[in-house]
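Here the structure comes first, spelled out in structure tokens, and everything after it is commentary.
The values are calculated or read from the model by the stated rules, or taken from the named source; none is laboratory data. Since we're looking at a predicted model, the values are computed, not measured. With ideal geometry, Cβ positions are generated from the backbone for all residues, glycine too; neighbour counts draw on all protein chains shown. Quick note on the areas: whole protein, heavy atoms, side chains included, nothing else; ligands and nucleic acids left out. Shrake-Rupley method; radii C 1.70, N 1.55, O 1.52, S 1.80 Å.
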Amino acid sequence: MKIIPISKLLPGMFVQSVTKQTGRIKIKNQGWVKTQAGIDKLKNAGILEIEIDPDKTLTDSVPEKEPTQTSTIIKKRDPWQKVHSSEQEMGKAKKLYDEAKTLQIKAFKDIKAGRDIDIAPFRELASGFMDSVFRNQDALACLTQMRQKDAYLLEHSINVSILMGIFAKHLGINKDLIVELTTGALLHDIGKIKTPDEVLNKPGRLTEAEFEIMKLHALYSKQILEESGLTGVAVDIAGMHHERLDGKGYPYGKKGDEISLYVRMASIVDVYDALTAERVYKAGMEPIKAFKILKDGCPDSFDGELLTKFIQCIGIHPVGTLVRLSSQKVGLVTESNPATPLKPTVKTFYSAKHGRYTEVQDIDLSNKKTSDSLESAVKPKEYNIDLERFYKNSILP
Ligand SMILES: [Fe+2]
């Protein structure tokens, strides 16, 4: 038997008894906690500490040890198994992405009108994201790269949620928890709706006073989610995604083990997406450069071991990245190849040698018959390529 605080209780664990509580509620039966919602109920009932039977933990659904130690996350299944092809999945993924935008816009309106957010549709969407990621993560991953310059707040939250789901799946985290993580990620920046536009969209560096205003968004996010009835890891992500391991983050200045695995994951994904985002006043950074900046931030700001796993998971050249091959063909990475990350499948449509568009061709660089290889990631403007045109004409999977 082991006594743990309620904050360490995870779905799949067997609760033997309650050892500390503030309320008088009695748990009738011993048993397994199956969902995060069940854990939240216990927390809300004032349970502080419980005795668990580690021998009865369902190892398929729970990381084995402390969730702040990334090395203890054990992969129980092949996370790369693809149930559907990217082509089959893309239609569903696009529909989910559009639903996410509609839902975000509605949430913005609700908050502005002083109403609480209806969390249920967000959970449902998060669950839809997770199902899509488990069928074939490349489809949603590809959509995270197709950005409109003027939709940052909207798309950033959706992208962080998708990438969080892909990352959690890679770490072997159980599905119930993935839904909570992606729900939290979908709403992590909702507090920005209360940040004045001139601060939120200022192109240059923020003054000290403006930065203080900006910092408040994490607290607002937490408050909005709590008022809307959300608890647990989702609220932690919203309130703490700007915390850094050395304690120099905000709003609380928490450090080290005070920052959970899930919040550490969110902070990496959040910064990665912000760096690679196309903004009205700045071009998006290539993923490989964003990885370099994140690496420079280890171990002071980010968890290095976790960052390595994130890079492994989305690939050095993630799906949706524009690349040039040794044949001088230019195209988009459409399918990841985790066994050989430098040999993904690329849909080419431009010749750098001849400076013109070409017939669309799918090249699987891992195919032994292919003599072509990946030369480097490139920026669309290097070749004056209008990616929007390709997204609209759906040449992508
Ligand atoms: Fe934020």
Cβ pairs under 7 Å, 6+ apart, first in the stretch 279-295 and in contact (Cβ under 8 Å) with a residue 12 or more places away in the chain, second β-branched (Val, Ile, Thr) and open to solvent by less than 60 Å² (accessible area, probe 1.4 Å): Gly284/Thr276; Pro287/Thr276; Pro287/Thr321; Ile288/Ile316; Ala290/Thr276; Phe291/Ile311; Leu294/Ile268; Leu294/Val271
Would you confirm whether or not the stretch 348-366 contains a residue that is open to solvent by less than 10 Å² (accessible area, probe 1.4 Å), under 28 Å from Val133 (Cβ atoms), outside the structural domain of Ile268 (by TED's automatic domain parsing) and not in a loop (DSSP other than H, G, I, E, B)? yes
Only one of (1) at pLDDT below 90; (2) surrounded by fewer than 19 Cβ atoms within 10 Å (Cβ to Cβ); (3) outside any helix (DSSP H, G or I) fails for Arg147. Which number is that? (2)
Taking the stretch 154-172 and keeping residues surrounded by fewer than 24 Cβ atoms within 10 Å (Cβ to Cβ) and either within 15 Å of Met130 (Cα to Cα) or without any contact (Cβ under 8 Å) to a residue 24 or more places away in the chain (or both) leaves Lys169, His170, Leu171, Gly172
Ala120, sole failed condition from (1) more than 15 Å from the chain's Cα centre (by Cα); (2) buried (at least 19 other Cβ atoms within 10 Å of the Cβ): (2)
Filter the stretch 184-194 for residues that are more than 10 Å from the ligand (Cβ to nearest atom) and open to solvent by 10 Å² or more (accessible area, probe 1.4 Å); the one that is farthest from Leu125 (Cα to Cα) is Lys194
Among Gly247, Gly256, which is the only one that is more than 22 Å from the chain's Cα centre (by Cα), in the same structural domain as Leu163 (by TED's automatic domain parsing) and either under 29 Å from Pro287 (Cβ atoms) or within 16 Å of the ligand (Cβ to nearest atom) (or both)? Gly247
Under the condition of being open to solvent by 60 Å² or more (accessible area, probe 1.4 Å) and not in a helix (DSSP H, G or I), which residue from the stretch 201-228 is nearest to the ligand (Cβ to nearest atom)? Asn201
